[in-house]
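The values are calculated or read from the model by the stated rules, or taken from the named source; none is laboratory data. Quick caveat: nothing in here was measured; it's all calculated off a predicted structure. Note that each Cβ is placed from the backbone with ideal geometry, even for glycine, and that neighbours are counted across all protein chains shown. Calculation scope for accessible area: heavy atoms of the full protein, side chains included, ligands and nucleic acids excluded. Shrake-Rupley method; radii C 1.70, N 1.55, O 1.52, S 1.80 Å.
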Amino acid sequence: MPDIPLTMIALLCVAALAAGWIDAVVGGGGLLLLPVLLLGLPSHTPAAHALGTNKAVAIVGTTGAAVTYARKAPVDVRTAVRIGLAALAGSSAGAFFAAGMSTDVLKPVIMVVLLGVAAFVILRPAFGTAPATGPASRRRILAAIGLAGLGIGFYDGLVGPGTGTFLVLALTAVLHLDLVSASATAKIVNCCTNAGALATFAWQGAVLWQLAALMAVFNLAGGTLGAHTALKQGSGFVRVVLLTVVFALVGNLAYEQWVA
């Protein structure tokens, strides 16, 4: 455990709780958790340790949310795992290319895409509110594996922020899921990508395990609570949280691009 003041440890735990809730409802918990980790860890701590610790925390909350959803929401676990395995491959490829590419070039493009997504969701109030019409066709499943798996997985390895939100949007659009079922499926996919990333960070010795274990307890509580909230409140509630997270992501990317 690094030398961190007790008040900062408390703040990190609260952030882990809130991030778990947000991530379970619609994705994007890393937007809160990773910056707080970067702020809370001693200044001499390598950035990789913040990233590795973030993954160690997030995988616990994501798994808790996935289990909660799988028990109570209509989730095609087989399809979700297939997309997750593709996302694992995509994220590995993205991480490989990330070493030689400036993400500053991509951030403005991502912001435009997110604003377009927000406009679409606002102008289409019924998006993601209708229940799934039945099992997805083979063509739609293959499209989801390509877009949500390989494509968004590659983005996760290359850039990262908002991956869970992009997964929810892609799964809703491609598989014609309601937002609650899309969030449930996205959690299973996230478990696969988080496991791959965590294995890499652990192999590199870039995980602060004691701190991660403490924060993971709170993240698990937040993730489980968030899944219960989404299941209880329904797709309309998830839609509101989705738009909030999208605008927060745009603001975060804009700050990093032009202010920080």
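ASP156 meets each of the listed conditions (1) without any contact (Cβ under 8 Å) to a residue 12 or more places away in the chain; (2) surrounded by 24 or more Cβ atoms within 10 Å (Cβ to Cβ) apart from (1). Residues that are of a type in the set (A, V, I, L, M) and modelled with pLDDT under 85 were ranked within segment 171-197; the one that is farthest from GLY90 (Cα to Cα) is ALA195. Can we say LEU41 is surrounded by 14 or more Cβ atoms within 10 Å (Cβ to Cβ), more than 11 Å from the chain's Cα centre (by Cα) and of a type outside the set (S, T, N, Q)? Taking the combined requirement at face value, the residue satisfies it. The residues on offer are VAL36, VAL109, and the sole one that is modelled with pLDDT of 80 or more and open to solvent by 10 Å² or more (accessible area, probe 1.4 Å) is VAL36.
Scanning segment 68-80 for residues that are part of a helix (DSSP H, G or I) and either surrounded by 19 or more Cβ atoms within 10 Å (Cβ to Cβ) or free of Cβ contacts under 8 Å to residues at least 40 places away in the same chain (or both) turns up THR68, TYR69, ARG71, ARG78, THR79, ALA80. For ALA50, state whether it is within 18 Å of the chain's Cα centre (by Cα), assigned to a helix (DSSP H, G or I) and free of Cβ contacts under 8 Å to residues at least 24 places away in the same chain. Answer is yes for this residue. Restricting attention to segment 32-47, which residues are part of a helix (DSSP H, G or I) and of a type in the set (Gly, Ala, Ser)? Once the filter is applied, which keeps residues that are part of a helix (DSSP H, G or I) and of a type in the set (Gly, Ala, Ser), segment 32-47 yields GLY40, ALA47. Residue count for segment 16-31 under the criterion of being in a helix (DSSP H, G or I) and either at pLDDT 80 or above or aromatic (Phe, Trp, Tyr) (or both): the result is 11. Can THR63 be described as at pLDDT 85 or above and either in a helix (DSSP H, G or I) or in contact with a helix residue (DSSP H, G or I) (Cβ under 9 Å, 6 or more places away or on another chain) (or both)? Judged against the criteria, THR63 is a match. In the set (1) open to solvent by 10 Å² or more (accessible area, probe 1.4 Å); (2) assigned to a helix (DSSP H, G or I); (3) touching a helix residue (DSSP H, G or I) at 6+ places or on another chain (Cβ under 7 Å); (4) closer than 19 Å to GLY27 by Cα, GLY90 fails one condition alone, (1). Residues that are closer than 13 Å to GLY29 by Cα and crowded, with 19+ Cβ neighbours inside 10 Å were ranked within segment 228-251; the one that is modelled with the highest pLDDT is VAL241.
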